[in-house]
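Enquirer: Here it is: the structure, laid out below.
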Amino acid sequence: MMKLYLLSKKVFILVFLFSGYIAMAQSNKVTGRVTSGDDGTTLPGVSILEKGTTNGTVTDSDGQFSINVRPDATLVFSFVGYTSQEVAVAGRSTIDLTLLNDITSLNEVLVVGYGEVQKKDATGAIVNISSKDFNKGVLTSPQDLMLGKIAGVAITSNSGAPGANSTIRIRGGSSLSASNDPLIVIDGFPVDNVPASGDGSIAGVPNALASINPNDIETFTVLKDASATAIYGSRASNGVIIITTKKGKEGKPKFSYNATVSISSPIKNMDVFSGDQYRALITELAQTGISGLNPAAVADLGTASTDWQKQIYRDAVSQDHNISAAGAFKNVPYRISYGYTDQEGIVKTTGFQRNSLNVNLNPSLLNDNLKLNISAKGSIMENNFGPDGVIGNAISMDPTRPVMDGNTEYGGYYTRLNGGGLVNNSSTGNPVAMINQTDNTSKAKRFVGNFQAEYKLPFLPELKLVANAGIDQTTSDGHNYAPLDAGFTANTTGVTQGRKNDYSAKNQSQLLDLYFNYVKEMGDHKIDFTGGYGWQYFYRENYSFNRNFDETIINSAARTNKSENYLVSFFGRLNYTFKGKYLLTATLRDDGSSRFAKENRWGLFPSAAFAWKLKEENFLAGIEVLSDLKLRVGYGVTGQQNISNNPYPYLPIYVQSTPTGEYQLGYNLDGTARFYTTLRPGPYDPSIRWESTSTLNAGIDFGLFNNKITGSIEVYQRKTNDLINTIPIPGGTNFSNFLTTNVGNLENKGIELQLNATPIDTEDLTWKIGFNLARNVNKLTKLLLVKDPAYTGINAGFISGGVGNYVQNQQVGYPINSFWVHQQVYDDSGKPIEDLYVDRSGNGGTVSGNNLNRYHNQKPAASILMGINSRVNFKKFDFSFSGRISLNNYVYNNNLSSRGYYANLYKLDFFSNVPTAINDTKFNSAQYTSDYYVTNASFFKMDNISAGYSFNRVFTDKLRARISLTVQNAFVITKYNGIDPEVDGGIDNNIYPRSRSFLMGVNFTF
Amino acid sequence: MNTNKSKIFLSAVLAGLMFSCIGDLDVTPIDPNQVTAATVFNDPAAYKQALAKVYAGFAISGQQGPAGQPDISGVDEGFSCYSRSYWYLQELTTDEAVWTYDENQIFNLHYQNWTPSDLLINAMFSRITYVVVLANEYIRNTAGSSDAELMLFNKEARFLRALAYYHGLDLFGNMPFVTEADKPGAFLPQQVTRAELFAYIESELKDIQDELGEPKFEYGRADKAAASMLLAKLYLNAEVYLGAGNKKYTEAITELNKVTASSYSLSPKFLDNFVADNDKSSEIIFPINYDGEHTQAFAITQVMINGNAGNGGWSGLRATSGLSDKFTVPSDYRDTFAKEAAGQSREITAINQSKEGYGVYKFRKFKKDGSDGFTGDFPNTDFPLFRLADAYLMYAEAVNRGGAGGDLTTAANYVNALRTRSGEVALATITSAVLTGAAGLDFILDERARELYWEGHRRTDLIRFGKFTGSAYLWPWKGNTPDGTSTSEHLNLFPIPSNDLGANPNLDQNTGY
């Protein structure tokens, strides 16, 4: 069999060569160069075929070709990922051609877990997007490259800070208190999607993915349904994103340099009162004696007029440089790239710098039987976070005060004093002082390296053995300092303390995968089996030490915490194809996690999927309009073991107190108090086990009009059982009042549509449109161990303003994080009436004090998300845009609720500025739980618009270039009255605003 | 042959690798601050550290001062501190204090308008059951030891459990009941009645009373006097806990006599009990300890000192005129109010007006000699849960209410001792006649307010005197009206919190909720 195959291959080559000789003999020579319509770079490896013959060639590493054809011949240019073009020779001897990318190509190879599959043979809900379709102008956050491009993948940047993290949710998330982040696999290495802060985060590294240079990324492949993800078993419940970086190809070295310069500026500031307006407001209110305002207060007003927001924001200039070399050194294809990014934030002093080096080597040895993939990515990231809370302070700071008042105690910065001449420590810290006196920076280093060897047994070529070993390590060091005279660091007495907070962290993960792949074709049957074993180890260490600047007072004692966990897995996948049109995939993974007790440690996660290539059936062959049709249905179970930050939730563990959490019992011999480090038994659940999610997915892939329109429709239902959730437990039964345990069920249902169309496709003009739509509905179906109809739910959505106020909760029958608020009563003119809410419980009394009067009012997640993007290529010009529509995502305007009330104006003997929107409510006191603040924040966002022009020749034929102009975050259409309608989690308070950026880019290849 | 051998070798290596890796899944903590329960007591020093945690359960909110590794969750860590939520439920529900900021449904306390889902009620309940579980674990781990010191620790843990249960008895009445026999796990504790819990606490305290340390044996630790104080409180309030007619005033006097006969003595100055070095006061029988450096929490002394109105702090806490009007003698050294001179006014027209209502400058961060106790944000000031002055006034009340074993002359002497402390300008003394009859009870209640205000006694006192709910006594904002209005009697008990009701179907809600 094998010999036959080899033989047929040789015969083919012979025929091919022979026909080439024939062609040469009878015709004239045509030469030329093929370039990419995407970026103007040359395309090596494009196959060129004389139509109707077997005469053909391929372009060399410079994209050059030479072929002898008949003068009246038609040449067919084709290349994977690009639309084939037919060009009539018409007697010409030179034909330069630009090939346009084919968004809809079905011949692409999709990278899936532990292997790859041709897109046309895929049985699961898998979407991929490659570099040519990426969003333009993305400098730091690789997630944003695919923003809005894939149905069901919602990406929300946490803030506009440089290097900020993004929250990625695939189909809405399947967990409640366990992680909802998808698994991210970089070049075969599963890395944890580290959150920006809180449990599991790395101090000083807000976005772990930002260590990857977006310029090095070749494709994102998103595995959405369980049949596709189940091979990753334990970490796959929230989908999988596979990132593949660019690799070298055989041929002459190809160099590329690109540079981007950008200017970013704030889009919108919070509307607050100016100095004069504020004085007028206070004077007016003092006449009515409102909220402690009186003539004495008026006399206390300052005379300056300072726009504090203007003081802290700037137009930020950023630059980005990348240089790469790709080719082959002898038999070793390589790609080496270096990137430098220096991004300034729009808040003064903030910024992100990255130096990255990426090396990929892909040699083939032993007659191509041994293929090696060596990949190393290193980066150094430097963050300047700026002062915490400065954005909120710039909104609140008294506009009647100057920036500097010439004092000598507080660096000259205006500082509000108390009656005793010391700092009023409740007052708003001077934002400019905070900017200039804070040193809040971190430096992080990350290395991801892996080595993959793929060995095809010479005596059994159907069998491949693969070993993949790797390491991912991030270390960070950071500090947050402020000098002793910083007015904003005063203690409760009013004495400034300064600040000296140091921290560091180290995260490491090691990986070993061993698997084999066996492919065998027998007549109509094809079997492709993969089986193997995986081992991964995670280690986390962090350290922090907080004290005042001169180190005389310890605020939080030096402490190092360490933890580790392991995952061990056995997995297998069978792809069975019958007659090339009936496709069956079955996977099974057995996962062991060190987070669970021996009895519950192993989880078995099966999946099966079936696909039917309908178009290949005879009864559809005659329908010309329909160029492709495939039905898919799949079912699978995936797991979740990523439970908060406790790697031993099943073990009873005693924890020592920190040196600030000791307790005095008696005295030492010298009469000083004797303090004891305390030992606390921690809550544990000996029977905690896997959370499992079962997903049923059905999809249709279709192509119309010779695949000028392609698309897919997916419907799915996802049920999570044994939800890992932190719930109230019966008092007296464990060492806390809440316990992380398996309880509750969650259901997600949704539908997704992905459409790509090429309405125009000619030699000079191409126009492509992409559209996607996703609707996901989630609902908690069980929450507690016992059913209690009177139970109002688990509080969530804690807000700023006061202490412990919250506006969301988790309750059976409602989407997760539903807003849970009081129903505001309005007067005839539509103005909300202070303190008047609908008594929904009928209990009377103070309506706002009774939680039974609260009701579930909307949710932060959008009901429908759409993405729309388009690209036009006209000759050497290209133009593209990408935007998103989000419908019925609700936001609680916490900036307004926590500031917009009169009692806030002159509280604790200092003035606070408030949003001018206070005029809409004229509230005297805070109305935190009013549904007035829950607003529909539907939006359309034009994420980016880009235009470019390609030069095929710059000075010499060797040098080509493309210049481009990109606007990021171009405009937003929304009715939401806050700064930005896109708020992760739905509670809008004091986030670093996203800026609008203009980028100019230039790219050279040679 | 050769290839076969190498294949076998390779397979063996692979198999070995895989199985050794499966062994990797057995992990134990590598954190230097963590140790498993199975090995923690291999170090004998751990016993006192674990005992210190049971004590600290009343004081601070978690393992990291002032916040960061909370013992309980679902509520702001600082608000949830045992001492703070206890104080809030005991004081903010009365005439003694209001809080400026509408957060955590705190105004419901002022209005006597609370609901089972109010965070502070949930927090208090959880703190009580948490200390009980901590104590149970400790009692289990030290049970049957032949070591005398360990057995003393064991008895102290039982005292602390009884103290927590006493707070549960007083605030919630019918508590879920667990002892050291109930190991942590997924089970549903049974609810006991108030009477059953009363009997349990009484028997526990009687059982351990004589085995606790002698009075003052070590500062901060429960001694025989502390047990007597707790028993005396149980007995003095027995008619509330068990129903009218269940008089145990004689038993109360018996216990109070043990306290007054002990080595505790009044400190020369009233304020010595409320300053940064109040651990040196001779009067404090059982404190909840704080230290600006070592024991940090957003707990009650920190809030009373930094959150008080009229002294430049958060201006959260003020007194209603119901309290400040009780100080009719201008020279009363117990009057620590921050009044008009500090920018405060007597009347409260709205709870959220921080300048309305007098500030209270009773608890201080300064030392007795006036020097600054600590320069950070957290005071050294301990919270005196039991002190001798309380015992004196309880004695007078028990005698008035008919208890045997005491007499009015001694009672008057005790009251006068409080009014004429050696280091203070003396107040007018009273005669024993002042302490008799209904008028005597009124005087004692008011005297308790003047002496013990802001020390967490007020709600219990008002209930015992029938003045907490109903219309017998009104103060500003009781029942959510400026002058106060009558409230329903069922509010004498807090509701079982919704979190626990939802989690434990064995619990029945208290009457009226």
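The values are calculated or read from the model by the stated rules, or taken from the named source; none is laboratory data. What you see is a predicted model; the values in this text were computed from it and never measured. Cβ atoms come from the backbone with ideal geometry, glycine included; neighbour counts cover every protein chain shown.
Enquirer: So residue A:852 clears everything in (1) in contact with a strand residue (DSSP E or B) (Cβ under 6 Å, 6 or more places away or on another chain); (2) within 13 Å of chain B (Cβ to nearest Cβ) except one condition, right? Which one?
Expert: Condition not satisfied by residue A:852: (1).
Enquirer: Do we find that residue A:753 is within 30 Å of the chain's Cα centre (by Cα) and within 14 Å of chain B (Cβ to nearest Cβ) in this structure?
Expert: no
Enquirer: Pull up region A:553-568, narrow it to residues that are free of Cβ contacts under 8 Å to residues at least 24 places away in the same chain and within 8 Å of another protein chain (Cβ to nearest Cβ), then point me to the one that is farthest from residue A:661 (Cα to Cα).
Expert: Step by step, filter region A:553-568, then rank; the result is A:562.
Enquirer: Please pick out the residue among B:173, B:220 that is more than 13 Å from chain A (Cβ to nearest Cβ), part of a loop (DSSP other than H, G, I, E, B) and closer than 24 Å to residue B:83 by Cα.
Expert: The match here is B:173.
Enquirer: Let me ask another. Mind telling me which of the residues A:390, A:423 ends up being within 31 Å of the chain's Cα centre (by Cα), buried (at least 19 other Cβ atoms within 10 Å of the Cβ) and of a type outside the set (Phe, Trp, Tyr)?
Expert: Only one candidate passes the filter, namely A:390.
Enquirer: Among (1) within 8 Å of another protein chain (Cβ to nearest Cβ); (2) touching a residue at least 60 places away in the same chain (Cβ under 8 Å); (3) of a type in the set (Asp, Glu), there is one condition residue A:788 misses while meeting the rest; what is its number?
Expert: Going through the list (1) within 8 Å of another protein chain (Cβ to nearest Cβ); (2) touching a residue at least 60 places away in the same chain (Cβ under 8 Å); (3) of a type in the set (Asp, Glu), residue A:788 breaks only (2).
Enquirer: Residues that are free of Cβ contacts under 8 Å to residues at least 12 places away in the same chain and surrounded by fewer than 20 Cβ atoms within 10 Å (Cβ to Cβ): which strands (runs of 3 or more DSSP E) entirely in region A:808-922 hold 1 or more of them?
Expert: A:824-826, A:832-837
Enquirer: Ok, one more. Restricting to region A:263-289, count the residues that are basic (Lys, Arg) and either in contact with a Pro (Cβ under 7 Å, 6 or more places away or on another chain) or at pLDDT below 95 (or both).
Expert: 1
Enquirer: If you check A:441, A:489, which single one turns out to be within 14 Å of another protein chain (Cβ to nearest Cβ) and crowded, with 17+ Cβ neighbours inside 10 Å?
Expert: A:489
Enquirer: Looking only at residues in region B:312-322 that are in contact with a strand residue (DSSP E or B) (Cβ under 6 Å, 6 or more places away or on another chain) and either over 20 Å from residue B:482 (Cα atoms) or of a type in the set (A, V, I, L, M, F, W, C) (or both), which one is surrounded by the most Cβ atoms within 10 Å (Cβ to Cβ)?
Expert: This residue is B:319.
Enquirer: Go through region B:410-513 and tell me which helices (runs of 4 or more DSSP H), entirely inside it, have 1 or more residues that are within 14 Å of chain A (Cβ to nearest Cβ) and within 25 Å of the chain's Cα centre (by Cα).
Expert: Here the list reads B:498-503.
Residue-by-condition table, conditions (1) in a strand (DSSP E or B); (2) out of contact with any helix residue (DSSP H, G or I) (no Cβ under 9 Å at 6 or more places or on another chain); (3) more than 9 Å from chain A (Cβ to nearest Cβ):
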| position | (1), (2), (3) |
| --- | --- |
| B:282 | no, no, yes |
| B:286 | yes, no, yes |
| B:293 | no, yes, no |
| B:301 | no, no, yes |
| B:305 | no, yes, no |
| B:310 | no, no, yes |
| B:314 | no, no, no |
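Enquirer: How many residues are at pLDDT 90 or above and either more than 30 Å from residue B:293 (Cβ to Cβ) or among the hydrophobic types (A, V, I, L, M, F, W, C) (or both) when one looks only at region A:556-578?
Expert: Residues in region A:556-578 being at pLDDT 90 or above and either more than 30 Å from residue B:293 (Cβ to Cβ) or among the hydrophobic types (A, V, I, L, M, F, W, C) (or both): 15 in total.
Enquirer: Provide a single number: the residues in region A:339-378 that are among the small types (Gly, Ala, Ser) and surrounded by fewer than 22 Cβ atoms within 10 Å (Cβ to Cβ).
Expert: Summing the residues that are among the small types (Gly, Ala, Ser) and surrounded by fewer than 22 Cβ atoms within 10 Å (Cβ to Cβ) in region A:339-378 gives 4.
Enquirer: Mind listing whichever residues of region A:660-685 are within 7 Å of chain B (Cβ to nearest Cβ) and surrounded by fewer than 16 Cβ atoms within 10 Å (Cβ to Cβ)?
Expert: The answer is A:666, A:667.
Table: residues versus (1) out of contact with any helix residue (DSSP H, G or I) (no Cβ under 9 Å at 6 or more places or on another chain); (2) in contact (Cβ under 8 Å) with a residue 12 or more places away in the chain; (3) at positive phi.
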{"site": "A:241", "(1), (2), (3)": "no, yes, no"}
{"site": "A:247", "(1), (2), (3)": "yes, yes, no"}
{"site": "A:255", "(1), (2), (3)": "yes, yes, no"}
{"site": "A:270", "(1), (2), (3)": "no, yes, no"}
{"site": "A:294", "(1), (2), (3)": "no, no, no"}
{"site": "A:303", "(1), (2), (3)": "no, yes, no"}
{"site": "A:313", "(1), (2), (3)": "no, yes, no"}
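Enquirer: So residue B:442 clears everything in (1) in contact with a helix residue (DSSP H, G or I) (Cβ under 6 Å, 6 or more places away or on another chain); (2) surrounded by fewer than 18 Cβ atoms within 10 Å (Cβ to Cβ) except one condition, right? Which one?
Expert: It fails just one condition, (1).
Enquirer: How about region B:371-389: which of its residues are buried (at least 24 other Cβ atoms within 10 Å of the Cβ) and of a type in the set (Val, Ile, Thr)?
Expert: B:381
Enquirer: Hey, another quick one. Is it true that some residue in region A:638-653 is under 30 Å from residue A:593 (Cα atoms), touching a helix residue (DSSP H, G or I) at 6+ places or on another chain (Cβ under 8 Å), of a type in the set (A, V, I, L, M) and facing another protein chain (nearest Cβ under 8 Å)?
Expert: No: zero hits.
Enquirer: Looking at region A:948-972 only, could you name the residues that are outside any strand (DSSP E or B) and either exposed (fewer than 15 other Cβ atoms within 10 Å of the Cβ) or among the hydrophobic types (A, V, I, L, M, F, W, C) (or both)?
Expert: Selection gives A:953, A:955, A:957, A:958, A:959.
Enquirer: Now a separate question. Look through A:571, A:549 and report the one residue that is touching a Lys or Arg at 6+ places or on another chain (Cβ under 6 Å) and assigned to a loop (DSSP other than H, G, I, E, B).
Expert: None of the others qualify; the one that does is A:549.
Enquirer: In addition: Considering region A:282-305 alone, what residues qualify as being of a type in the set (A, V, I, L, M) and part of a loop (DSSP other than H, G, I, E, B)?
Expert: A:293, A:301, A:304
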